[in-house]
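Note sheet for the following structure.
The values are calculated or read from the model by the stated rules, or taken from the named source; none is laboratory data. Predicted, not measured: the structure shown is a model, and the values here were computed from it. Backbone-built Cβ (ideal geometry, glycine too); neighbour counts: all protein chains shown. The accessibility values were calculated without ligands, DNA or RNA, using every heavy atom of the protein model including side chains. Shrake-Rupley method; radii C 1.70, N 1.55, O 1.52, S 1.80 Å.
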Amino acid sequence: MLLRRDLLRMLGLSAALPSLAAAARAVDVAETRRPVVISTWTFGEAANAAAWDVLADGGAALDAVEAGARVPEADPDNHSVGLGGYPDRDGRVTLDASIMDHAGNLGAVACLEDVVHAVSVARRVMEKTPHVLLVGEGALGFALAEGFPRQNLLTPAAEHAWREWLQTARYAPQPNIERSNRYSLPDALPGGERNHDTIGILALDRGGHLAGACTTSGMAFKLHGRVGDSPISGAGLFVDGEVGAASATGVGEECLRVCGSHTVVELMRQGRSPEQACREAVERIARRHRTPRKDLQMAFVALSADGRHGGYSLQPGFAYAVRTSAGTRQVEAPSLT
Ligand code: SD4
C-alpha cells in the first residue's frame, strides 16, 4: 500500500505540504471573514443592512458603504447625520462627508447645505472631478449641477432643539457615555446630551477590496463654517487597500489633531490588531489632556484587509455594529476610562 509520505515524496510535496496547508487555512479564514461591514454606533445596524444587500450579492465595498451611509442620512430621527441633523448656531444644517476606496480614490464635501446625501455628493467629487474636497457654496453648486435635489434639512424637531439651545447658547458638546441603557438612543437634549453620532462605515467585499465612508452634520450648534474630522482624509476616515480602513466618531477637533484614522491604519500596518491600533490612537488623544476629560468622547473603528475588526473609545458607551454572513451583532468597544 502506498503510504501517504511515499505519495508526498513522489509528488515532491513533503516539505511544501505543511506550508501549503497553512496557506489554505489562512485563505479559508480570510474567506469566512468576508464580506464584512462595520459601522459606528448602534444605529449602524440599519446602515449595515443596506450595505449587506450590496455585499451579499457580490457587490463592491464602495457601493456598499455609500448605500449604508445613505440610511442615517435619510433618517429624520438621527440628529447628527443628514436630514434632521442639528444645525449650527445660526440654524443652518451643514453636512460633512467623505468616501474612500482601496486604491486611494477619495472624495469629500464639507459644510454642504440643502442636499441630504452628502456621501453621494462626495462620491461624485471623487469620480467626476480632479479634486478631493469641495466646500460650502462650491459643494452645493456642484451637487445641484450633478442633479442632486435641493431640500430643507432642518426638521421641526431639530429646529425646536436649536431654539431651546438658543436660550443659553452655550456650546457644550457632550460625549455619549454610559447611562442606564447604554445602547438606547434617547431623544437628544438641547445643548447637551447625545449631540453627536456620526456614522463611519467600513466594508470588505468578497473580492477582498476595502472601502469606507463617513457622514455627519457635525457637532450640534457649532460655529457656522466649522468643519470636523469626517470629511478630512486621514482624520475621520482612511483606507489603505493593503492594510485596512479606519473611521472616527466624537469631537472632531481631537481627531484632527492626531490624524486619527490614518494613525490607526499606520499602526495596523506595523502589526497592531484593529482594536490595539484604535486604542493607541485614543491614547494619543488622551495624552494631550493632563486630567481625564469626562466631557470628551472619541472613538475609532477599524477593519483590516483580512477582515478582522475592532474598536476603542475614550469613554465607555461606544458600540459598533457588525454584519457578516454569520448575522448581525453589536460590539461594545472597550474604553480607556
Ligand atoms: C465632528 N466627528 O464633526 C464629528 C462628529 C461626530 O459623533 O463624530 N459625532 O466632529
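In the condition set (1) in a loop (DSSP other than H, G, I, E, B); (2) under 12 Å from the mean Cα position of the chain (by Cα); (3) more than 10 Å from the ligand (Cβ to nearest atom), Pro231 is compliant with all but (3). Cβ-Cβ contacts under 6 Å between residues 6 or more apart (or on different chains), taken from a first residue in segment 85-96 that is within 10 Å of Leu154 (Cα to Cα) to a second residue that is among the β-branched types (Val, Ile, Thr), are listed as Gly85/Val93; Pro87/Val93.
Checked against (1) assigned to a helix (DSSP H, G or I); (2) crowded, with 18+ Cβ neighbours inside 10 Å, Ala302 meets all criteria but (1). Taking Val121 as the residue in question, decide whether it is open to solvent by less than 60 Å² (accessible area, probe 1.4 Å), outside any loop (DSSP other than H, G, I, E, B) and in contact with a Leu (Cβ under 6 Å, 6 or more places away or on another chain). Judged against the criteria, Val121 is not a match.
Condition test on Gly141, is it assigned to a loop (DSSP other than H, G, I, E, B), out of contact with any helix residue (DSSP H, G or I) (no Cβ under 7 Å at 6 or more places or on another chain) and open to solvent by 10 Å² or more (accessible area, probe 1.4 Å)? It is false that Gly141 is assigned to a loop (DSSP other than H, G, I, E, B), out of contact with any helix residue (DSSP H, G or I) (no Cβ under 7 Å at 6 or more places or on another chain) and open to solvent by 10 Å² or more (accessible area, probe 1.4 Å).
Per the conditions (1) within 30 Å of Ser325 (Cβ to Cβ); (2) open to solvent by less than 10 Å² (accessible area, probe 1.4 Å); (3) touching a Lys or Arg at 6+ places or on another chain (Cβ under 7 Å), the sole criterion not satisfied by Asp88 is (1). From the set of residues in segment 264-273 that are farther than 18 Å from Ala319 by Cα and in contact (Cβ under 8 Å) with a residue 24 or more places away in the chain, which is farthest from the ligand (Cβ to nearest atom)? Residue satisfying both the conditions and the ranking: Arg269. Could you tell me whether Arg279 is at pLDDT below 95 and over 20 Å from Ala211 (Cα atoms)? Here the answer is no, as Arg279 does not meet what is asked. Checked against the criteria, Asn78 does not count as open to solvent by 40 Å² or more (accessible area, probe 1.4 Å) and assigned to a loop (DSSP other than H, G, I, E, B). Counting the residues of segment 279-289 that are in a helix (DSSP H, G or I) and touching a residue at least 24 places away in the same chain (Cβ under 8 Å) gives 7.
Answer yes or no: is there a residue in segment 283-296 that is within 16 Å of the ligand (Cβ to nearest atom) and either among the small types (Gly, Ala, Ser) or within 13 Å of the chain's Cα centre (by Cα) (or both). No, every residue in segment 283-296 fails to be within 16 Å of the ligand (Cβ to nearest atom) and either among the small types (Gly, Ala, Ser) or within 13 Å of the chain's Cα centre (by Cα) (or both).
With respect to the stated conditions, Gln276 is more than 15 Å from the ligand (Cβ to nearest atom), touching a residue at least 24 places away in the same chain (Cβ under 8 Å) and either under 17 Å from Asp229 (Cβ atoms) or in contact with a Leu (Cβ under 8 Å, 6 or more places away or on another chain) (or both). Screening segment 276-291 for residues that are hydrophobic (A, V, I, L, M, F, W, C) and within 18 Å of Gly200 (Cβ to Cβ) and picking the one that is surrounded by the fewest Cβ atoms within 10 Å (Cβ to Cβ) gives Ile285. I need every pair where a residue in segment 244-260 that is closer than 18 Å to Gly212 by Cβ and more than 10 Å from the ligand (Cβ to nearest atom) has its Cβ under 7 Å from the Cβ of a residue that is open to solvent by less than 10 Å² (accessible area, probe 1.4 Å) and among the polar types (S, T, N, Q), sequence separation at least 6 or different chains. Listed pairs, sorted by first residue: Gly244/Ser304; Ala246/Ser261.
Against the condition open to solvent by less than 30 Å² (accessible area, probe 1.4 Å) and not small (Gly, Ala, Ser), how does Cys255 come out, does it pass? So Cys255 passes the test. Of all residues in segment 266-275, those being surrounded by fewer than 17 Cβ atoms within 10 Å (Cβ to Cβ) and either within 15 Å of the chain's Cα centre (by Cα) or at negative phi (or both) number 3.
Can you confirm whether Ala213 is within 21 Å of His117 (Cα to Cα) and either at pLDDT 95 or above or within 13 Å of the ligand (Cβ to nearest atom) (or both)? When the stated conditions are applied, Ala213 passes them.
When Ala246 is tested against (1) part of a loop (DSSP other than H, G, I, E, B); (2) open to solvent by less than 30 Å² (accessible area, probe 1.4 Å), just one condition goes unmet, and that condition is (1).
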